[in-house]
Each structure stands twice: as C-alpha cells, then as structure tokens.
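What follows is a single structure, written as structure tokens, with notes after it.
Where a number appears in this text, it was derived from the coordinates with a stated rule and is not lab data. Values in this document were obtained by computation on a predicted structure and should not be read as measured data. A quick note on method: Cβ atoms are made from the backbone with ideal geometry, for glycine too, and the neighbour counts reach across all protein chains shown.
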Amino acid sequence: MKILHVITSLRTGGAEKLMVDLLPRLKQKGLDVELLLFDGTDTPFRRDAEAAGIKVHDLGKGGSVYSPLHLFRLIPFLRKYDVVHTHNTAPQFFAAIGSVVCSVLLCTTEHTTSNRRRGWTWYASVDRWMYSRYRKVICISEKAEDNLREFIGESRAEILTINNGVDVEKYASAPSSPELERIAPGSRKIIMVAGFRWEKDQDTLIKAMAHLPENFHLFLVGDGVRRKECEALAAHTGVAERVHFLGIRSDVPALLHAADYVVMSSHFEGLSLSSVEGMSVGKPFLASDVDGLREVVKGAGVLFPHGDADSLTNEILKLEKSPELYRSVAGSCRIHAAEFDIHKMANKYFEQYQSFLSHE
C-alpha cells in the first residue's frame, strides 16, 4: 500500500515531530510511506526523516503555505498513492478540493482540540464540507474528537481517536546533559519545551519565577514569534538572570533529564507530545488544567489552574519541601508515559490503513 503523508513543513511543532517519529515505524511494518511538504525548507526534522529512509517531496521552498498554486502542484501527487493522509489546515483543505477532480482515498489527523477558524461562524460550512471529503478523521485525543464532533455535527467521515505517542524508551534512557548545570551551578532547574506561540503561555511560568526562591532557574527550549515578548517579560518581572532561552535543540531528552521539574503552562493543547516526553524522564511534571494536557497528566503529574502563576509556584514549593511526594509524582509520571508509547500508536495507524483495503 502506497501512502503519502502531507504536511505544511518540517520546521518545528508536535505534528512535524510526529512525522519524523511515526513514518519510519510504519515503513518497518511494510507500508510504502512517503512525505510531501508544502514548504520544503531544509530543517533538522527533514534531515532526520530522510536519514530514516523516508522519501520526502516538496511543493517549493518558503512562501505562503496557502498559495493557490499549491493546489495545482498537489493534484498530481493525489493520483499516485492509495491513501493520502494530511496534517494541518492548508494540506487538509487543498487535498479536499483536489479530491473533487481526482479519485483519492483521504485520511487526516486532527492535531488540536481547537483552532482559530472554529471561531469564524461564516467558515463553519466550509470546514464541514472539507471534512466530508475524508474517509477517516483521526483525532489525537478523546477531547479533540469530542470538540470536532460538536463543531461539524454529522459527517460522512469516520471519526476516531488514536492518542499521539512518543518514543518513551528514547527519552527514559537518555543521558543527562551537563549544560544546565554549567549555566546555573547548584540551582534547582525547571524546563519547558514548546514553541513561542500564544497558546503555549510561557508567560505564566515566567511570572511564577518571580515568586520562587533565587536558587530556581528556568530553561525555555524552543523558538517562535513570541520569544522576544517573553524575554521582555522576564526582564520586566526582574528574573531575566534566572530565565535562560535555549532556542531550538536536538538534545531535548538529555536536557529534560538534567532538570528537576518539567512544566507545560499552555492555554490548550491537542494531546501534548511534549508532556509525554517530559513525563518519560521520571521527573515531576506540572501542567495547566486545560484540554489536551488534562488527559495526559491527570492521575500522574500535577495540574494547576490555567494561567495561575501563584498556584504553579505553590505546587513546585510543595514538591520541593517533600522528597517523598517528589519521588512519588516523578515515578507516577514515568509509569503513565508508557500509555502513550509511539509503538502502540503505530500499530493503531497500521490497523486503520489495513481497514481501507477491506473496504475496497
């Protein structure tokens, strides 16, 4: 079976990393899997995918992923594969249009519990039409599925949930990076791995730093449009010397092992892969009590009220004062992370592709 996954780019993000981790495992199961990028700019993720034996095509480099030209460039690809599996809005939409003029089995993954276009009431009918062109819509969490069903109502597409996964063993067995200790010797270290976008809300964590003791240091891994805003906030709250911006890194597992606490303070998530990665290293994981994080963390890590820096501070201090509680939460996180192992996810994707054959 020839399967083409289509995504906007392989820059940074959970969906992008998922391509790098998932596709080689699907190939190992005997599927002929290739990847198409709307923006084929060379990135570490692209190089990783190609190094893992995944053939990567692209429609160009740079420019807007919503360029109408991409539709005409995409259609020839739609004709060549048994299944075309899309990710992100532009590929979803253009593939749906393309399916009108050529016969193709479409599948898509819904990577978030919400998005901006769901707030555009005028656009709702377009979205419903788009999803109706798909044979299957795979949601990355039960909450993402519930929200999608509520938004589009009845649909011809089969809608189901397959939880996102990560290579748990890769994170659990990684060595600890010495870099954080070199930067802040003797400190208690907090880390957050996320792009600097509005929904990630690094702001709450930076504000919490103002209420934590001076021996606490924060390490923010990632990049994005809001990085300068967050740097300015750290300076404004007087914690700039204790907040370290590490940029995009390829050694995230080692950095996570070097931290004492892992935090995700997002406004919302789809199903946070960074959360699973953070829990895999056996450190206490703290997350805002929101969709996409609650499903992963509840019963293992610590949930704090959304946007509440004071509560986050108190939860960290509570763990700091009780070594027994610290060890208990850390152990629970590591055990719970195994529920989101990428091998389980790959098996379920393989089953869905096999089901296409049974319907032919």
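What are the residues whose amide H is under 5 Å from the amide H of ILE159, where those residues sit 5 or more places off or on another chain and H is modelled from the backbone?
Residues meeting the criterion, in which the H sits 1.01 Å from N, are VAL137.
Between region 71-150 and region 273-347, what is the separation of their alpha carbon centroids in Å?
Measuring centre to centre over Cα atoms gives 31 Å.
How much length is gained if the chain between ASP310 and ALA240 is pulled fully straight, taking 0.36 nm per residue apart and subtracting their Cα-Cα distance, in nm to one decimal?
My answer for the length gained is 23.3 nm.
Does region 126-198 come out rounded, prolate or oblate, given a ≥ b ≥ c as the square roots of the eigenvalues of its C-alpha gyration tensor, rounded meaning a/c under 1.5 and, failing that, prolate meaning a/b above b/c?
Taking the square roots of the gyration eigenvalues as a ≥ b ≥ c, region 126-198 is prolate.
With each label point set 7 Å from Cα along the Cα-Cβ vector, what nm distance links SER155 and GLU324?
The two pseudo-label positions are separated by 4.9 nm.
List the DSSP H helices in the chain whose Cα atoms stretch 30 Å or more along the helix axis and whose mean Kyte-Doolittle hydropathy is at least 0.5.
none
I need the phi-derived Karplus couplings for region 283-294: 6.51 cos²θ - 1.76 cosθ + 1.60, θ = phi - 60°, integer Hz, Gly and Pro marked x.
Ordered by residue, 3J(HN,Hα) equals 10, x, 10, 10, 9, 5, 7, 9, 4, x, 9, 4 Hz.
In the set (i) 59; (ii) 38; (iii) 51, which value of percent of Cα pairs over 30 Å apart was calculated from the structure you see?
After the calculation, the listed value that fits is (ii).
So who's got an amide H within less than 5 Å of the one on THR86, skipping anything under 5 residues away but keeping other chains? H placed 1.01 Å off N, in plane.
Hits under the 5 Å cutoff: VAL6, CYS107, THR108, THR109.
What FRET efficiency comes out for the pair SER176/ILE97, r = Cβ-Cβ distance, R0 = 51 Å, nearest 0.05?
About 0.55, to the nearest 0.05.
Could you work out how much longer the chain between ILE335 and GLU214 gets when fully extended? Use 0.36 nm per residue separation minus the Cα distance between them, nm to one decimal.
That pair, ILE335 and GLU214, stretches by 40.4 nm at full extension.
Counting other C-beta atoms within 10 Å, and keeping those with at most 15, which DSSP coil trypsin sites (Lys or Arg not before Pro) do you find in region 277-360?
LYS298
Might you report the magnitude of the Cβ-based charge dipole of the chain about its Cα centre, with Lys and Arg at +1 and Asp and Glu at -1, to the nearest 20 debye?
For this selection, approximately 760 debye.
How would region 189-256 be classified by its alpha-carbon gyration tensor: rounded, prolate or oblate, with rounded meaning a/c under 1.5 and the a/b versus b/c comparison settling the rest?
oblate
Can you list residues whose amide H is under 5 Å from ARG188's amide H, if they're 5+ apart or on another chain and H is modeled 1.01 Å from N?
PHE216, HIS217
Just check region 167-316 against the gyration tensor rule for me: Cα atoms, a ≥ b ≥ c as the square roots of the eigenvalues, rounded for a/c under 1.5, and otherwise prolate or oblate depending on whether a/b exceeds b/c.
rounded
Is any residue of region 11-34 close enough, with backbone N under 13 Å, to a label point placed 7 angstrom from the Cα of LYS55 along the Cα-Cβ axis, and if so, which?
32-34
Return the distance in nm (one decimal) between the two label points of a simple spin-label model at ALA232 and GLN354, each offset 7 Å from Cα along Cα→Cβ.
Reported label-point gap for ALA232 and GLN354 is 5.4 nm.
Distance in nm between label sites at VAL225 and ASP251, each 7 Å beyond Cα in the beta-carbon direction?
The two pseudo-label positions are separated by 3.2 nm.
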